[in-house]
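Asks: A single structure is presented below for examination.
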Amino acid sequence: MNPKHAQYMLTVYQEGSITNAAKKLYVSQPSLSQMIKLVESNLGAPIFNRSTDPLTLTYAGEKYIEAAQKILTINANLAREIEEINDEEHGKIRLGIPVQRGMQVLPYVLPKFFQKYPHVDVVISEHGSSAIDKLVLDGSVDLACMTTVPKHDELNYIIVEREELVLLASRNTELARRIPSGTPISILEARNEKFVSNKPGHSVRALQDSLFITNNIQPKIILETISIEIEKKVALACDAVTICPLNYIENTEEMRSRAALYPLKNTETLRHCYICHRKDLYLTRYMKDFIDILLEVENPFLKDSPLPKDQAQDCGQQDGLRHA
């Protein structure tokens, strides 16, 4: 199998169309179509179902893509091994990370990393956790830092931070007037409130929808966004509520005066922040050090909890990024 052909076919599969793949690969659509016909001719079977939109794989195509991913992984691992043998101070890390998580940790991880490895490039792919999950599985990124549930045998998961979800409510909501901040509550207590929500594809949204379905409620969602910062600000401005990881809520005067926080009952899961990579990925020395720095860096978001003291103590018994 020609590695270049394998990469092109994998790109077509990932993009779902020859047109999009050609743009991403910077080749003409006719030449890419011709290459696909050549590969299918050599294979002796069609790889793509062209009658579907996006393109889907035939059974033979599934086997081809599976083999292509293995071959590309072997080639990439060999290149890294040779690179590390020749010069361990140069290289590249492809990191998948959600925007909010990147805002939280990269300003504190990268200075230490670049001080040690000034000639190693860090290229980030910023998506929601579900999209990054696919990227690390298919080898499009080397490392992924995301909130997830360990579910793939092909991946190695290293816990960075245990995460607790809370309901952030404007103090002008009926909920905040009725129940003191810091009180653990069921999501049912907020069934009549307006919600600001993550867009589908984010892990918090998946858990939120699960809570709604389990409790048979359909609250009004006034805004969907990919940004937790927007969620918090809009919830406070519009007298609404939002489900948010506790470690994304800064202990500021604005939060203390305008927000009430409620630990949510029945959200105990294995959903935490992990750094993960394919088990068959060759980890260079700088990749290993990047992981170590991420695990050791002091995260200022966790210095003080905005919850009342007794609740903060309960929530503070966490592994992962160290509290100050």
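The values are calculated or read from the model by the stated rules, or taken from the named source; none is laboratory data. All values reported here derive from a predicted model rather than from experimental measurement. Using ideal geometry, Cβ is built from the backbone for each residue, glycine included, and neighbour counts are taken over all protein chains shown. With ligands, DNA and RNA removed, areas are computed over all heavy atoms of the protein, side chains included. Shrake-Rupley method; radii C 1.70, N 1.55, O 1.52, S 1.80 Å.
Asks: Out of all the residues in segment 53-70, which are of a type in the set (S, T, N, Q) and in contact (Cβ under 8 Å) with a residue 40 or more places away in the chain?
Replies: GLN69
Asks: For residues in segment 138-149 being of a type outside the set (Gly, Ala, Ser) and modelled with pLDDT of 90 or more, which is nearest to the chain's Cα centre (by Cα)?
Replies: CYS145
Asks: Give segment 118-137 a look and list any residue that's part of a helix (DSSP H, G or I) and either buried (at least 18 other Cβ atoms within 10 Å of the Cβ) or under 11 Å from the mean Cα position of the chain (by Cα) (or both), or say none.
Replies: SER129, SER130, ALA131, ILE132, ASP133, LYS134, LEU135, VAL136
Asks: From the list ARG94, ARG50, which residue is among the basic types (Lys, Arg), open to solvent by 30 Å² or more (accessible area, probe 1.4 Å) and without any contact (Cβ under 8 Å) to a residue 12 or more places away in the chain?
Replies: Result: ARG50 is the single residue among ARG94, ARG50 that is among the basic types (Lys, Arg), open to solvent by 30 Å² or more (accessible area, probe 1.4 Å) and without any contact (Cβ under 8 Å) to a residue 12 or more places away in the chain.
Yes or no, residue by residue, for (1) within 30 Å of HIS119 (Cβ to Cβ); (2) basic (Lys, Arg):
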residue: VAL241; (1), (2): no, no
residue: ILE249; (1), (2): no, no
residue: THR252; (1), (2): no, no
residue: SER257; (1), (2): no, no
residue: ILE275; (1), (2): yes, no
residue: LYS288; (1), (2): yes, yes
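Asks: Within segment 144-153, identify whether any single residue is assigned by the TED database to the domain that holds LEU281 and over 28 Å from MET103 (Cα atoms), and answer yes or no.
Replies: Checking segment 144-153: at least one residue is assigned by the TED database to the domain that holds LEU281 and over 28 Å from MET103 (Cα atoms).
Asks: Looking at (1) in contact with a helix residue (DSSP H, G or I) (Cβ under 8 Å, 6 or more places away or on another chain); (2) under 13 Å from SER170 (Cα atoms); (3) open to solvent by 60 Å² or more (accessible area, probe 1.4 Å); (4) of a type outside the set (S, T, N, Q), which one does ILE226 not meet, given that it meets all the others?
Replies: Looking at each condition in turn, ILE226 falls short on (2).
Asks: Could you list, in sequence order, all residues of segment 136-169 that are of a type in the set (A, V, I, L, M) and closer than 24 Å to SER197 by Cβ?
Replies: The answer is ALA144, MET146, VAL149, LEU165, VAL166, LEU167, LEU168, ALA169.
Asks: Looking only at segment 241-265, count how many residues are part of a loop (DSSP other than H, G, I, E, B) and within 15 Å of VAL166 (Cα to Cα).
Replies: So the count comes out to 4.
Asks: Moving to a separate point now. For segment 104-117, which positions are open to solvent by 20 Å² or more (accessible area, probe 1.4 Å), touching a residue at least 24 places away in the same chain (Cβ under 8 Å) and not hydroxyl-bearing (Ser, Thr, Tyr)?
Replies: The answer is LYS112, LYS116.
Asks: So is VAL99 under 29 Å from GLU224 (Cβ atoms) and open to solvent by less than 10 Å² (accessible area, probe 1.4 Å) or not?
Replies: For VAL99, the condition - under 29 Å from GLU224 (Cβ atoms) and open to solvent by less than 10 Å² (accessible area, probe 1.4 Å) - is not met.
Asks: Scan segment 19-36 for residues that are open to solvent by 30 Å² or more (accessible area, probe 1.4 Å), closer than 19 Å to GLY61 by Cα and touching a residue at least 12 places away in the same chain (Cβ under 8 Å) and jot them down.
Replies: SER33
Asks: If you don't mind, there's one more thing I want to ask. Which of the residues belonging to segment 258-275 are open to solvent by 60 Å² or more (accessible area, probe 1.4 Å) and more than 17 Å from LEU211 (Cα to Cα)?
Replies: Scanning segment 258-275 gives a single hit, ARG258.
Asks: Sort out which residues of segment 203-221 are closer than 20 Å to PRO98 by Cα and open to solvent by less than 60 Å² (accessible area, probe 1.4 Å), and write them in order of number.
Replies: Within segment 203-221, SER203, VAL204, ARG205, LEU207, GLN208, ASP209 meet the criteria.
Asks: Output yes when any residue across segment 244-253 is open to solvent by 20 Å² or more (accessible area, probe 1.4 Å) and in contact with a Gly (Cβ under 9 Å, 6 or more places away or on another chain), and no when none is.
Replies: Scanning segment 244-253 turns up no residue that is open to solvent by 20 Å² or more (accessible area, probe 1.4 Å) and in contact with a Gly (Cβ under 9 Å, 6 or more places away or on another chain).
Asks: Within segment 9-18, can you find the residues that are open to solvent by less than 40 Å² (accessible area, probe 1.4 Å) and either within 16 Å of LYS70 (Cβ to Cβ) or among the small types (Gly, Ala, Ser) (or both)?
Replies: Once the filter is applied, which keeps residues that are open to solvent by less than 40 Å² (accessible area, probe 1.4 Å) and either within 16 Å of LYS70 (Cβ to Cβ) or among the small types (Gly, Ala, Ser) (or both), segment 9-18 yields MET9, LEU10, GLY16, SER17.
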